[in-house]
Every structure is written in C-alpha cells, then in structure tokens.
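*Asks:* Handing you this structure, nothing more for now.
The values are calculated or read from the model by the stated rules, or taken from the named source; none is laboratory data. Computed from a prediction, not measured in an experiment: that's the story for all the values here. Cβ placement follows ideal geometry from the backbone for every residue including glycine, while neighbour counts extend to all protein chains displayed.
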C-alpha cells in the first residue's frame, strides 16, 4: 500500500453519488443537431476547416487547432454543416461564441479509421501526433490540451492519474472505471511509454469500492502502476491537492506539476487517449452524469460532444418544472446554465438538475465574524477572510499580496461560512479585476512606448527637415554667388523663377487630362461630404459658443450661414452632375425597396405554405415571387455596377 | 571660559563632519532624472487623449509633479486618481467634470468605404495606430488603438466611429455579490445574481 | 424557463452564525450555575438585566443606523456580550453599573465601529474596563462565598443599593486582591492568618473548573480552535511557575493563577472571540501567549484586582500587527527543494 499524505483543510459535503452510480452507462442516441463551439479548451480557438453545406462523416476534422495550446475538433456524427454562427457557450458568462452547427443524418457513419495495433513500435513523436490530432483535452473540467502536457521540458518521474472525483453528485469517472478499466490501463501504458516509464500512481477516493476493485484487477498485469486509495475529502481531486496527497510534495507557486517531475491526467482523458491510439477514434464523445432530484433517470450517459443540454435532459427524463437551477459541473465548482440549448463540450462531466430545495438556498449573507472556519477549510492554506475584506474593499494589491492567485476556487470556504458569505464569488471578481488591470497595464505600457517613439520620430523629422533646409539654403547661396561671379549680367533671378512657375502652370492646365465621369462624380461627392462635415462642426461650435454666451457667436453665425450656402451649392452641383450623367439619386433607393419587397413576399409565401390547404398554388406563387425577386436584384446590381445606364423599370410584385 | 571654547570647537567639528557626510551622500546617492514623473506616468492610462489639457500622458505627469491637480484624467477615472493619491500621499478627489467623464473604453473604427484618404487622422493619432496613405483607404490597428478619440475631430467626412470594446468569454469576469445584509437597507432583496 | 444565475458553490453545510453564538451561550451555563451557588443570585439578576439591555440597545442602534433589525438580533452576538459582561461583573453590581457597561459595550465598542465583525476591541471587555476605571469601588465588591443573600436582599441591593447591615458585611476582597496586598507577609503567613482567602480560593477554583468544562465542550464542538486558549493558559502557567520557583513566598503558584479570578472565563470565552483576536493559527498562538504574559504582569505588579480586561484590550490592539507578521504560507510557497520560481 502506497503511503499517502494529508492536505490542509478540505470539507466533507454530502456525497449524493448513489443516485447516479447504480446504473450502467447508457448510450444516448444521435441527436438531430450538434453544436460545437470552436473554443472548448484552454488556449486559442480552433479554426473551422469546412464549408457550410458540406457533408461530414463521423470523426472528420471540422476545425483545426491554432498554435501550440489549442485542440482539433471533429464531427461527432455524420451529417451536413448547417451553419457557423454564435451560440450560447457553456461558460459562466453565458456569452455567445462561434459554433459549428451540424444537422445529423442519423447514419452515424465513421470515416476510415486507422487503429494502431502495436503503438509502442511507433516513434514517440508519431504517437504524440496521434494524440494531438485526436483533439484530446483534459476531461475533468478544465479542458487543457493533453498533448501539451505530454511534452514536458523536465523528466517526469511520476505519472498521476486523477480518479478521485471528489465533487458531490458526479459519478462519470466512477462508472467509466467500473466498465472500462482495461481501456484505462491501456491508456496508462501508452502514457508511461511516452514519458519514459515514470512510476504511475492512481489516486481514487475510498467511496468507490467497485471502481477500486476494477482498477486493482486491471493493474495486476502492469508493473509500475499503483492504485492509491485516499480518504474521501473535498477537494482531493484538485490537481495540486492530489499531488500532495500522493507524494507529499507541493507544486510551487505559479508553477506546474512538471516542475517537480510530475504530470497529472484525468482518468477519462487517459481512456480517450487509449481510444485515439488503439482504435483511431478522435475525441467525439464522453460520459456525462445527469443527476439531481428533478431527474427521473439519473445516471451516466455516453453522449456525443456538441449534444445540447436540452436533448440530454429530455433523454434522462428531467422535469424542468421541478428545477430552478441547472448546474453544469458539480455543486461545488460548477456554473449555472441560463440557456438550455447550451452544448456539452469535451470537459462537461455533469449536469445537475436540482430540485428547488436540494441545493443551498439563495440567502442574504451576514457580516463576517472572522470565525476562521474558512481558514481551517482552505486547501490552498490562504486567509480567506482577509482576501474577502480586500476584495470587498477593492484593495486588489493587498489581495494579491495575500496570494489571491493561489486560490483554486474550490468553494470550501463558502461552504463552511456560517454567515453565508459568497466568498469564492468575491475572489473570482477580484481575480477578474486583477487580470483586467494587468492587461490594461500591459496595453498602457505598450501605448506609452509607441507614443514616445512617435514623439521621438516627430522631433527627428523636424530636425532633419531643418538640417536639410539649412543645407539647401547654404548650397543655394553658394550657387548664386558662383553664378553671379560667373555671369554678372544675368537677368533678375526672381523674375526668371516667376516666369518658370507661370509657364508650368499654363502647361499643366492645357495638358490636364480630362477626368473620367466616375472620378469627377467621386470628387463632387467628397466635396459635398467635406462641406457637410464642416458645417456640422461649425454648428456644434456655434451651439457651444451660444451656450457659453461667447462673443465669437456672432462670427460663427456668419460662418454657418456661409457654410450652409456652400454646402447647398456643393449638394446642388453634385445633383446637377448626377442628372447630367442621367443618374437619378432616388433610383438606387427605389430599387433597394423593390428587392426588399420581393424578398419579403417570398418569405411570407414560404411561411404560409405549411398551413395552406392548396400547397401547389402557393408553390406556384413562390416561384413567381422568386422570379420577381431575381429580376429586382439583377436591376439593382446593374444599377450599382453602372449608375449611368438607362434604368430598367422596376417590377412591382 | 575654556569650556565655552571647547564647546565651540566641538560643535564646529561636528558641523564639518556631518556636512562632509551630507555632501558625500548628495554625490554618492544622487538620483538621476526625475523618478517621480516616471512613477506618475506609469500610473496614467497612456491613452494620450489630451483631455487633461496636456499633449499626452507624460506631459500631464510632469504637470502633476509640478503641483497640478490629479483629477483631470477621465480615461483613468477613479482608479487612477486613487493610485495617484496613494503615490503622492494626497487626498483622492472626485474627477474634474470639466475635463470629461469616465466612460466605457472604446476603440476607433473607420467606415472604410467612406474614407477619402486624407491622412488627417493618421497625423492626429498619438500612438501611430492608423494605417494608410494619401488617397488610400485608412484603417485602425485595433490592438494599438487606445480609444483616445483624437482622430474623430480632424476627419473631414466624419467616417470614424468610437465603439465600445466587446466583452468576450476571455475578458469577462464575475461581478461582486451585492446582498450583504449589513450594508443593504432592504433586508429582503437578493442582490446581483438574481433570476435571469 | 428561467434558471437561477448563481456563482458556485451551490452547496452549503447550512451552519449559521446564530448557532455558533448559541453554543457559546450554552457553554457558559456550568460556570453560571457554580458562580450562583457560591456568590448568590447577583450573577443571575445581572445576567437577565444585561441581556434585556443588550437586546434593546442593539435594536435601537440598528434602527438609528438604518440596518435591518431582525437578522442582526437573531445572530445572538448581543446576547453573548451581555452574558460575558454579567459573568465578569461582581455579583453586587447595582443596576446602573450594568447599564453603563452594556451601553458602552454595545453602542460604543461595537456599533460605532461598524457593528458585528468590525469592532477592534472585545465589547464586553471595553464595558468592563470602563466600569473598572470609573467605578472602582463598585467593581471590587465581590460577595463573600460563606454567606448567601436571599433573592429579596439581592434585589434590594441591585435596585436601591441598600442592604441590612451594610454592604461591608457581605463583601470581601477577591483572593487575587488579597494576595497582591500582602502587607509584607509571605503567602503562607497570609493564608494561615486569613481564612477568607482559602475559602475564596476554593470557590473561584470551582468556578474556573466549570468554565473550563464549558470551554472544552466548545472545543469539542469546534466552535473555535485550541490555539488561543491553550497558548494563553500555557504562557500564564509558565510565567507563574517560573516566578513561583524563584520566590515561592511572593508569587502564587501556577495552579493558583490558573484557577483564580476570571482565568478560564477569559481563556475560553473572551480570548477566543474571533472578531477581535488574530486570524491565523500561528497568530492565535501569539495572541493567546501575549494575553497570558500580560495577565501575569498586571496581576503581579498592577493595581487592579484582575488583569483580563486590560490584557485582552492591549492584545486586541496588536491583533492586526500580529496578523501581518503571522500570515501563513500558502500552498506552493513553502518548499525549498522546488526548482526555483517560474
């Protein structure tokens, strides 16, 4: 039995795992539509590599990773790309973001897969490439691209597999281990091979006896793999906490586990890696727990990535009238969903559809009595109440000084707080503000540099000009003197220069190329715009002056009058030119209206066809309306291409 | 009498010694440049907008060092005033409304089909964030723009818009909770995170 | 379908401030009973009077501060202050003495600083210290444990400050007072010449034991951690033991120090006040140790009968400083063998 250590703090919330871990994993059928956010991982968003309308097969690459920290996205089922548009993201902000929408065709047809029967024969780089192309990201929730973690700079002596699953309610990893322990071990073998045979520790909480048994059975064949049963305590599944429990070491501040020769992977990720290499399947599905008192069929579901929460909830028979709070993730760290059509992503391990009184009530919070329970509970060994005071008072510098950045947002402090203060929310706010502030400071520094460079440049330019002018002046003086010395009877140089200028002017006038009508039109348009803007600005100035009862108001009044005349003149000129060219300024507007009208007619008819008694007639009508629309569009584009052309009569629908 | 002379001599000696120490310190620990100006400058938002009445943040920093009021920077707002007050150990005062109001950060966008290529905005931009050439369409390099507003005025055809910066999931952050009983006057209100 | 938009955690252990306060109140009961047994009904009368006053004053101040009244009264903090004051004040306190103490504790020490959680000083101790300075005679009239007044007599004194036979017949100096003003006698001579001292010592020993019992119950309930009380008792015991070893004739023993006066009441009910003590565990150790040392110094060389009010107020004053210097190292900050900072 491997020795285990303890970490500071931690809490013991009611586990609530039995509701969902008694049934085997159920496979959810392919939903009608899949929504795949381009950014479901930490790092840069992937870039769509398919066209709208394209047919894609299950497992086909639809968005490719951008840069080192990013991940590929594959089609979870076969079907047509409906569109790429902004949809509500599975993120606490519920903001919209770009998603690929796939209309599935139900055939669920795979692309050609290339399973590796003997992956250990492959060069490591190729193996790594397989994992990278499969788009695997951490499946415990954070979503960090896994391949990045497998290319550490330091040597790795310990591989830690996170099977703790310390959050209440969630049992996805528990069921996964019970049913796929062999596949997990295969994944571990691959990782050990990739990382030069590090010792492997699997951390699992003692509340999952069946899973522990399955792991022990599967681990027997492997050397260098130890199953470490750890006491159930939240948040033992936090990466840093698990490392401390299993090795007694702490990840240094602002560091990563690789700094102390360790790397940590979630058990689900390990299985996904095994699938990717041994079966050739990219990451397109995962196991998600659906639980909570509003769920009739609580349990674990094998779902396609991109399945909308609404589809999954319907399949798991969730009574939406019973729940007022939908949590994605667990009750300690998950976030509430606002839009039921939010898609599940690679890191979505649980949907908690809780009945109204199942979770902590929305309560007013009381004053902090500095009882210190939060400090006792904090696994990061921080002083939560100090951080709370600082966050509340917006003293972010001090909060940072108290190691705000080391907070893992596990929520243990808020869980124990007898005054029900939402401590973590304060820390999240403070962290957000610190981040924004640092970003702004960076921008400011950048702007300062650019400003200073520009100032310097302007000064340099001025100096250079001055220098040049001086040089020219001396050269000219010297030349003049030389000239005079050479030819004292020459005519007056100024008169000569004037004559030259006049001559040039005359030549340019006579030689001027006549402007093309388009250029002339554009020039007039610009002139009109400029006078308009001038007028607007002067009007503003006038208003200002009048409100301040300024002396200049009278002057400005005159200017405005003058400019009004000028603007009118410019407009008149423009219009005169337009008529001269045979342009009707209203023409384009009329055409635009015609196109819009035709378009709406088509739409209306299309809508009515559903309820119509006589669909054929309406179809006929639609065809007619479409023809009109096409004609109008044609007329408009003709007009835009060649405004001077004789207009064709617009067709009224 | 002798004690008096003695005292005078001692005092004179002491004066010489301390004078020498002070003189040495003045040379040895001489501060080059004017660090306070740089420190003030580093607290200003570097928008270079000139709303304070100075042609840029550095000149305003210089002016503050010379005793000008610290509340004339609208883009920095309360936060900058507070930081300046901390640095200079003076009282934080509300923003001087004469120089503008604190507003959401914006970025300039040129309506490109209306641009006539006059280069006036390029000359106005304090951080060289506008790209273009004479008679060619101009565009704003979004990452460089400080939202200073200075390009809007010179544009002869009024084709520059100042648009607020969009919130993305990356830049979004939580708001502070608001339902603390001790500070709320209506005990039964639930604060910010309410029914959406 | 609208869903709640809340920040995690969505789960809570459902503990409440008021239940912590209730446990503290319950834990004072053994001490209260023993104190009543030895010194008569005075303490009980004080307790009821102080509680009524505290709640009423709290409500009035909350009203003036325009804060919601119900939730703040319900948290029980005013009652705790009242209980502690009533237990610390002498049994022969007239009504106005308690009034002044409670008024000062609730209004000045607590609400003028911003209410529960914001007060730098322990309210009960502020009220107690004020009375000690302003009304030293009333504050030193401890009942004699050998005679017990009837409830009627006690009430008569409480309300009218008149009593048959005069107050002097019923009161005596506390053992601590006696031991300090030895008039040149050694402790042994004092003890043999003054039977009252032994009686007083045994009474306060019992009372302290009762408070110790209540305090241990609170420890078992994890209302507070062991750090501050243990540090306080240890440092007081250590100082006392050290000096007693040096000059047993002048300095009482560690046991006598630990079981006289308000030692246990202070250790488990006042030093553990979370609002006004240091935050971190290390800080609590320092805080407790500081109180212990100050108590020993003031008891041995000061001129007041007991030292707790001043010792605790002094340490309250230095709690922020202690916090600054005892900030615990966060996760990932205390390893040397890690390869550098990244």
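*Asks:* Across the range B:89-118, what is the number of residues that are surrounded by fewer than 16 Cβ atoms within 10 Å (Cβ to Cβ), part of a loop (DSSP other than H, G, I, E, B), at pLDDT 85 or above and in contact with a strand residue (DSSP E or B) (Cβ under 9 Å, 6 or more places away or on another chain)?
*Replies:* Within the range B:89-118, residues that are surrounded by fewer than 16 Cβ atoms within 10 Å (Cβ to Cβ), part of a loop (DSSP other than H, G, I, E, B), at pLDDT 85 or above and in contact with a strand residue (DSSP E or B) (Cβ under 9 Å, 6 or more places away or on another chain) number 1.
*Asks:* A further question follows. Tell me, which strands (runs of 3 or more DSSP E) wholly within the range A:58-126 include 3 or more residues that are within 29 Å of residue A:327 (Cβ to Cβ)?
*Replies:* Strands (runs of 3 or more DSSP E) meeting the threshold: A:79-88, A:96-104.
*Asks:* Confirm whether residue A:40 is part of a loop (DSSP other than H, G, I, E, B), under 27 Å from residue A:332 (Cα atoms), in contact with a strand residue (DSSP E or B) (Cβ under 8 Å, 6 or more places away or on another chain) and modelled with pLDDT under 90.
*Replies:* Judged against the criteria, residue A:40 is a match.
*Asks:* Restricting to the range C:4-18, name every residue that is more than 7 Å from every other protein chain (Cβ to nearest Cβ) and at pLDDT 85 or above.
*Replies:* So in the range C:4-18, the residues more than 7 Å from every other protein chain (Cβ to nearest Cβ) come out as C:14, C:18.
Correct list: C:18 only.
*Asks:* Here's another thing I want to ask about it. Mind counting the residues in the range A:589-610 that are within 17 Å of residue A:637 (Cβ to Cβ) and modelled with pLDDT under 75?
*Replies:* 1
*Asks:* With C:115, C:31 as the choices, which residue is in the same structural domain as residue C:153 (by TED's automatic domain parsing), outside any helix (DSSP H, G or I) and buried (at least 18 other Cβ atoms within 10 Å of the Cβ)?
*Replies:* Working: C:31 fails: outside any helix (DSSP H, G or I).
Just one listed residue meets the conditions, C:115.
*Asks:* Scan the range C:123-132 and give yes if some residue there is at pLDDT below 90 and assigned to a helix (DSSP H, G or I), otherwise no.
*Replies:* Checked against the condition, which is being at pLDDT below 90 and assigned to a helix (DSSP H, G or I), the range C:123-132 yields at least one hit.
*Asks:* Looking at A:484, A:454, which is the one that is part of a helix (DSSP H, G or I), surrounded by 11 or more Cβ atoms within 10 Å (Cβ to Cβ), without any contact (Cβ under 8 Å) to a residue 12 or more places away in the chain and more than 14 Å from every other protein chain (Cβ to nearest Cβ)?
*Replies:* Exactly one residue qualifies, and that residue is A:484.
*Asks:* So, one more: If I ask for residues that are surrounded by 18 or more Cβ atoms within 10 Å (Cβ to Cβ), under 17 Å from residue A:61 (Cα atoms) and more than 14 Å from chain B (Cβ to nearest Cβ), which ones from the range A:85-131 would you list?
*Replies:* Selection gives A:100, A:101, A:102, A:104, A:130, A:131.
*Asks:* Specify the residue that is farthest from residue A:209 (Cα to Cα); the eligible residues are those in the range A:2-19 that are touching a strand residue (DSSP E or B) at 6+ places or on another chain (Cβ under 7 Å) and facing chain C (nearest Cβ under 8 Å).
*Replies:* Among those that are touching a strand residue (DSSP E or B) at 6+ places or on another chain (Cβ under 7 Å) and facing chain C (nearest Cβ under 8 Å), it is A:11.
*Asks:* Here's a follow-up. Only residues that are in a helix (DSSP H, G or I), facing another protein chain (nearest Cβ under 8 Å) and touching a residue at least 40 places away in the same chain (Cβ under 8 Å): list them for the range A:415-436, please.
*Replies:* A:415, A:416
*Asks:* Let me ask another. Scan the range B:139-160 residue by residue and report those that are more than 12 Å from every other protein chain (Cβ to nearest Cβ) and either over 16 Å from residue B:116 (Cβ atoms) or crowded, with 18+ Cβ neighbours inside 10 Å (or both). Show your work before the answer.
*Replies:* To start, the set of residues in the range B:139-160 that are more than 12 Å from every other protein chain (Cβ to nearest Cβ) comprises B:139-140, B:149, B:151.
If the condition is that a residue be more than 12 Å from every other protein chain (Cβ to nearest Cβ) and either over 16 Å from residue B:116 (Cβ atoms) or crowded, with 18+ Cβ neighbours inside 10 Å (or both), then B:140, B:149, B:151 are the ones that fit.
*Asks:* Another question, then. Would you check if residue C:59 is surrounded by fewer than 19 Cβ atoms within 10 Å (Cβ to Cβ) and assigned to a helix (DSSP H, G or I)?
*Replies:* Answer is yes for this residue.
*Asks:* Please go through the range A:241-264 and give me each residue that is crowded, with 21+ Cβ neighbours inside 10 Å and either facing chain C (nearest Cβ under 10 Å) or modelled with pLDDT under 90 (or both), ordered by number.
*Replies:* Correct list: A:241, A:244, A:250, A:251, A:252, A:260.
*Asks:* Please give the number of the condition residue C:47 fails out of (1) touching a residue at least 60 places away in the same chain (Cβ under 8 Å); (2) out of contact with any strand residue (DSSP E or B) (no Cβ under 9 Å at 6 or more places or on another chain).
*Replies:* Only one criterion in (1) touching a residue at least 60 places away in the same chain (Cβ under 8 Å); (2) out of contact with any strand residue (DSSP E or B) (no Cβ under 9 Å at 6 or more places or on another chain) is unmet by residue C:47, namely (1).
*Asks:* From (1) more than 14 Å from chain B (Cβ to nearest Cβ); (2) in contact with a strand residue (DSSP E or B) (Cβ under 6 Å, 6 or more places away or on another chain); (3) buried (at least 18 other Cβ atoms within 10 Å of the Cβ), pick out the condition that doesn't hold for residue A:141.
*Replies:* (2)
*Asks:* Same structure, new question: With respect to residue C:104, is the statement that it is more than 17 Å from the chain's Cα centre (by Cα), at pLDDT 90 or above, away from chain A (no Cβ under 14 Å) and part of a helix (DSSP H, G or I) true?
*Replies:* no
*Asks:* So which residues in the range A:299-323 are within 11 Å of another protein chain (Cβ to nearest Cβ) and surrounded by fewer than 20 Cβ atoms within 10 Å (Cβ to Cβ), if there are any at all?
*Replies:* Matches in the range A:299-323: A:310, A:320, A:321.
*Asks:* I'm told residue B:103 meets every condition in (1) closer than 30 Å to residue A:530 by Cβ; (2) more than 15 Å from the chain's Cα centre (by Cα) except one. Can you identify the failing condition by its number?
*Replies:* (2)
*Asks:* While we're on this one: Got at least one residue in the range A:37-60 being over 12 Å from the mean Cα position of the chain (by Cα) and closer than 30 Å to residue C:6 by Cβ?
*Replies:* As a first pass, look at the range A:37-60 and keep what is over 12 Å from the mean Cα position of the chain (by Cα): A:48-60.
Now narrow it down to the ones that are closer than 30 Å to residue C:6 by Cβ: none.
Within the range A:37-60 (the criterion being over 12 Å from the mean Cα position of the chain (by Cα) and closer than 30 Å to residue C:6 by Cβ), the answer is no, since none of the residues qualifies.
*Asks:* To continue, here is another question. Being touching a residue at least 60 places away in the same chain (Cβ under 8 Å) and assigned to a loop (DSSP other than H, G, I, E, B) is the filter here, so list the residues in the range C:265-302 that pass it.
*Replies:* C:273, C:275, C:276
*Asks:* Restricting to the range A:502-516, and then to whatever is in a helix (DSSP H, G or I) and loosely packed, with under 10 Cβ neighbours inside 10 Å, can you tell me which residue is modelled with the lowest pLDDT?
*Replies:* Among residues in the range A:502-516 that are in a helix (DSSP H, G or I) and loosely packed, with under 10 Cβ neighbours inside 10 Å, the one modelled with the lowest pLDDT is A:511.
*Asks:* Which of the helices (runs of 4 or more DSSP H) found entirely inside the range A:339-406 contain at least 1 residues meeting this: more than 10 Å from chain C (Cβ to nearest Cβ) and touching a strand residue (DSSP E or B) at 6+ places or on another chain (Cβ under 9 Å)?
*Replies:* On the way: elements: A:373-377, A:384-392, A:396-401.
Answer list for the range A:339-406: A:384-392.
*Asks:* From the list A:378, A:350, which residue is assigned by TED's automatic domain parsing to the domain that holds residue A:426, under 28 Å from residue A:164 (Cα atoms) and at pLDDT 90 or above?
*Replies:* A:378
*Asks:* Have a look at B:148, B:125 and point out the one that is touching a strand residue (DSSP E or B) at 6+ places or on another chain (Cβ under 9 Å) and in contact (Cβ under 8 Å) with a residue 60 or more places away in the chain. Spell out how you get there, then give the answer.
*Replies:* Values: B:125 fails: in contact (Cβ under 8 Å) with a residue 60 or more places away in the chain.
Checking each option against the conditions leaves just B:148.
*Asks:* Kindly evaluate residue A:484 against the criterion of being at pLDDT below 90 and not assigned by TED's automatic domain parsing to the domain that holds residue A:238.
*Replies:* Taking the combined requirement at face value, the residue satisfies it.
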